[in-house]
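Asker: So that we are looking at the same thing, I have put the structure below in C-alpha cells.
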Amino acid sequence: MSLINRENLNYFTTVEQFFLSLKDSGLALSASDYQLIGQWEERGVPVEWVCRAIEVGFSRLEQQNQGRRRISLTHLQAVVEEEIQIETRKQ
C-alpha cells in the first residue's frame, strides 16, 4: 500500500520527476522530500511554482559551483518558500 493518495499522484510525480531530471541521478526521493511535497500540495501551492523554484535553487547551486549529486529537495526548501512568497505577492 502506498502512502501517496492516488488523487495526489500527479502533483507528487510532477515534482519528483522534475527534481530528479535536474539532479540527473536517483530513482526516487527521500521520505522527507515526499512529505515536503505533500505539504506544498496541502497548502495549495501550484506545482508550476514549486518546479520553477526548484529550478531557481539548482541555478543558484550551479553559480556557487556546488554539486548536484548529494542534494535533496529539503535542501531547496528555503528557495521554494522564497519563490512561493514572491508569487503570492504577485497575486
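Coordinate-derived values only; no laboratory data. In this text, all values refer to a predicted model and were calculated from it rather than measured experimentally. In this analysis, Cβ positions are derived from the backbone assuming ideal geometry, glycine residues included, and neighbour counts consider all displayed protein chains.
Asker: Quick one: net charge around R89, please, counting Lys, Arg +1 and Asp, Glu -1 for every other residue with C-beta under 14 Å from its C-beta.
Answerer: Value of the local net charge: -3.
Asker: Quick one: 3J(HN,Hα) in Hz for segment 12-18, Karplus 6.51/-1.76/1.60 with θ = phi - 60°, rounded, Gly and Pro as x.
Answerer: 4, 5, 4, 5, 4, 5, 4
Asker: Same structure again: Please label the shape of segment 6-90 as rounded, prolate or oblate, based on the square roots a ≥ b ≥ c of the eigenvalues of the alpha-carbon gyration tensor (a/c under 1.5 means rounded; beyond that, a/b larger than b/c means prolate, else oblate).
Answerer: Here segment 6-90 falls in the oblate category.
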